Amino acid sequence: MSQDYLKSALPSQIMAERGSNLVVINPGSANIRIGLASQDTPFNIPHCISHYTKQVPKRNVQDQMLNSQVTTAQHMEREKAYDIIASLLKIPFLDEEPPCNSFPRKMGRVDGYNPHGNRKDLPFTWTNVYEEVTSSSSLSALETTNKDETSVSLDPKDGSDLKEIGMSNRKFREFICGEEALRISPTEPYCLCRPIRRGHLNISQHYPMQQVLEDLRAIWDWILIEKLHIPRNERNMYSAILVMPETFDNREIKEILSVVLQELCFGSAVVHQEGLAAVFGNGLSTACVVNIGAQVTSLICIEDGAALPSTARTLTFGGEDISRGLLWTQRHHQTYPQIRTDMLTKPIDLLMLNQLKESYCEIREGQLDAVAVVHSYEEKAPPGSHRTRLTALNVPPMGLFYPMLFVPDVYPPPPRTWFSDYEDMLEDTWHIDFSRRSDMSDTFYPNVNGGLPMWESYPVYSKPKKEENLGLAEAITNCILSTGRIDIQRRLFSSIQLTGGVALTNGLVPAVEERVLHAIPPNEAIDTVEVIQSRSNPTFVSWKGGAILGVLDLGRDAWINREDWIQNGVHVGSNRKYKDSYYLQAQAMCYINS
């Protein structure tokens, strides 16, 4: 695509012509956003897969070593954080009982998470885990039985024989992906796997790398066939745009590229950063991008269409932690019904709590209570409804600023052999110094400060590092001030961009502006903080930016061809991808404003 054509063509024409064979993939820990670049919005699908197992699993979730036990010290810290938030929001402390009938009651029915939002009134049903099998022998048996039945039989065995033949034609589905995987009854012989957790491939002793990558391939292949209707034999005519979160390290990106090019058979692929794509998706050139995902919050500064790698920060909490905080708050106030709710081992409970959070949680002063219907999904019992009062609904989202309210789950790192490959997919080849510990910013650009990927700083190895306990306001301030230049700092403090599903939380924008302003040291000559309003759904803005970047960047040397990757592997040189940032940015602005 020539520059003259790009300058003269209408943006919608460019997207229609060049976007119909570009698949944009934005993987996350909880959901994957995937679709053709020519689409307005992508599919937003739970990023998980359930496998049929002949052995009854001890737990129906693969992450067997996850630990959500709260220590006494953590419990005290959590209660302290709650009281600080309560003081700020002018609500009763934990040891204070609110006066009766002091809350505005609002009614609402809440069923499990439903991305399409049009089936809330339908009764809940578990996923059908069977598939019909049609074999020649069973069909002939069925035909013979029907042929012999010339009259109505009074023998009850005849009906049972037919039933047995019908049952023999069913077998368990080998695997189930997406939301259906989360709605499988706990009594069924299935085990749920999440190939990405907390912004990394979910590799552990119980979930080896080969299985993680195979699950990624299976989920993505299922989406391509069932949702996008792109069969395997036609994928060589399609190109993939990978919009990767900053939390992924280079080995992970390399493995995912191999899945896309070798296993999924795309003709070519390119990698773009999620933060940079978010800026393009909103038609900006400079911003501090704060992506609050389900399990991880990542920050990075973008200046004039180029990422500043030294500003990258990662916080190990997100929207699911708000849901867990909501559950703890209700149990502590004894407002939650006496039902067993386990977000780690019962995916359906996580869906319900996420829906409660999205429907009722917001940030504002004063007591925020509501009356809602919550559901229980107990084994050997039909789903039950419970009308209950939810209280202190403005406390859980404030945990973003006081993360001690969240107690992070502990999970194992990958085997040490995982760290044997140091090839950098986005910069020049680099070498790790194993004597140095990882910094939280050494995730997407580990060659900036050296050290190991983010796993090394997880609690399973050592006590949480100080920066892991940073609240959102301090992290944003730290991220922007690390640029070291007052001119760019002022621009960035006035151009904070919130992305991710949590960015839709009512009251979050003014809370971020106020708390970041107070977090700036008094010796800094900065007096303005502004969060830029997103021009589209913040959940999808990075995906949309990846689509724009892919269309405008098509045919350049950053793209990796399938044959080159399989035969040689490709080393992408430094600064090759974004050397025309200003020009690309102008095109993005033209598209977004059209």
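The values are calculated or read from the model by the stated rules, or taken from the named source; none is laboratory data. The structure presented is a predicted model; accordingly, all values stated were derived computationally and were not measured. Cβ coordinates were reconstructed from backbone atoms using ideal geometry, including for glycine residues, and neighbour counts include every protein chain displayed. SASA here: full protein model, heavy atoms, side chains in, ligands and nucleic acids out. Shrake-Rupley method; radii C 1.70, N 1.55, O 1.52, S 1.80 Å.
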- Specify which residue in the list S534, P521, I560 is farthest towards the positive end of the charge dipole of region 519-562, using unit charges on the beta carbon of Lys, Arg (+1) and Asp, Glu (-1), about the Cα centre. I560
- Task: Go ahead and run the numbers for FRET between F172 and A525, Cβ-Cβ distance against an R0 of 45 Å, rounding to 0.05.
- Result: 0.10
- Message: How much accessible area per residue does region 251-403 have, counting only protein heavy atoms and a probe of 1.4 Å, in square angstrom?
- Response: 25
- Given charges at Cβ of Lys, Arg, Asp, Glu: region 273-361 dipole, positive-most of L353, T335, F280: T335
- Label-point separation (nm) for R490 and D95, each offset 7 Å from Cα along Cα-to-Cβ? 4.9
- How would I196, I225 line up by accessible area, probe 1.4 Å, largest first? I225, I196
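For region 299-364, what relative contact order do you get, as a whole percent, if you take Cα pairs closer than 8 Å and at least 6 residues apart?
Over region 299-364, the number comes to 26 percent.
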- Message: Once you keep just the Cα pairs under 8 angstrom separated by 6 or more residues, what percentage relative contact order results for region 203-352?
- Response: 14
- Query: When the Karplus curve 6.51 cos²θ - 1.76 cosθ + 1.60 is applied with θ = phi - 60°, which whole-Hz ³J(HN,Hα) does each residue of region 280-297 get, with x for Gly and Pro?
  - Reply: 5, x, 9, x, 10, 10, 9, 6, 9, 8, 10, 9, 9, x, 6, 10, 9, 10
- Identify, among V270, N233, M244, the residue whose Cα sits farthest towards the positive end of the charge dipole of region 199-274, taking +1 on the Cβ of Lys and Arg and -1 on the Cβ of Asp and Glu, with the dipole about the Cα centre. N233
- Message: Among 169-176, 513-520, how do they line up by average Cβ neighbours within 10 Å per residue, starting with the highest?
- Response: 513-520, 169-176
- Work through the residues other than R490 whose Cβ is under 14 Å from its Cβ and net out their charges, Lys, Arg +1 and Asp, Glu -1. -3
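Express in nm, to one decimal, how much length is gained between S536 and S482 on full extension, taking 0.36 nm for each residue of separation and deducting their alpha carbon distance.
Values: separation 54, 0.36 × 54 = 19.44 nm, distance 2.88 nm.
Here the answer is 16.6 nm.
Classify region 288-334 as rounded, prolate or oblate from the Cα gyration tensor: take a ≥ b ≥ c as the square roots of its eigenvalues, call it rounded if a/c is under 1.5, otherwise prolate when a/b beats b/c and oblate if not. If you can, show how the numbers build up before the last one.
On the way: a/c = 5.09, a/b = 4.18, b/c = 1.22.
Because a/c hits 1.5 or more and a/b exceeds b/c, region 288-334 counts as prolate.
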- Message: Over 23 Å between Cα atoms: which of K54/K171; K90/K357; K54/K227 fall into that group?
- Response: K54/K227
- Query: Rg and Dmax of region 211-339, Cα atoms, in Å?
  - Reply: 18.9, 57
